[in-house]
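Step one of this worksheet: look at the structure below.
Derivation of every value follows stated rules applied to the coordinates shown; laboratory data play no part. From a predicted model like this one, the values you see are computed outputs, not experimental measurements. Here Cβ is always computed from backbone atoms with ideal geometry, including for glycine, and neighbour counts include all displayed protein chains.
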Amino acid sequence: MRYLPLPLLFFLYTCQTYTPWKSEWKQKDGSEVFYAAVSAKASPQAIESGSLAMRRTTCVNATNLLSTSPKLTSILLENESVELSESEVKDLGRLIAAHKIKPKQDSCQSEEGGFILSSPAWENCQCMYLIEYPGGRSQFRQDITQVK
């Protein structure tokens, strides 16, 4: 039996490939669900500490803060390639808030790959949130039309 050389094995083990996720509507269990990709950065203290666990925790917590209604409204609008005035965006935000949508974190990934010993892993991260918009994409488009 042939084995991989130790340096090559270490390289393959420690390198990660990062492919950014994209926000999009998908079918899930017979209904349309919006998958929102939210990126964030770990806290300066976590980065300074050198602790991988602290970087991961603070980065993921930052995506949770960013997954609030105003950010999700902008991600949904960006996906639809719709431009609204500032007041229309506020009206749409209120309409979305009235639906009482609770985004659910699906998964998270570090935006960097690297080596274990001096890795920038989890300094920046991206989490995917599922948004079950009542009525799916067609209702969201109607809501946009309503505020225009």
| Check: the stretch 31-147 dipole with +1 on Lys, Arg Cβ and -1 on Asp, Glu Cβ, in debye | 400
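In the structure shown, do any of K26/K90; K22/K104; K71/K102; K41/K102; K28/K104 have a Cα-Cα gap over 24 Å, and if so which? Walk me through the numbers on the way to the answer.
On the way: K26/K90 26 Å; K22/K104 16 Å; K71/K102 13 Å; K41/K102 22 Å; K28/K104 14 Å.
Beyond 24 Å: K26/K90.
I need the Kirkwood Rh of the stretch 19-148: take the reciprocal of the average 1/r across all distinct C-alpha pairs and report it in angstrom. It would help to have the intermediate numbers written out before the result.
Values: mean 1/r = 0.0634 Å⁻¹.
Over the stretch 19-148, the inverse of the mean reciprocal pair distance is 15.8 Å.
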| message | Using amide H atoms built in the peptide plane, which far-off residues or other-chain residues are under 5 Å from W122 H to H? | response | E111, E112
| request: Grab the other residues whose beta carbon is less than 12 angstrom from that of A46, score K and R as +1, D and E as -1, and report the net. | output: +1
| remark: On the formula 1/(1 + (r/R0)^6), with r taken between the Cβ atoms of N61 and Y18 and R0 of 25 Å, the FRET efficiency rounded to 0.05 is 0.80
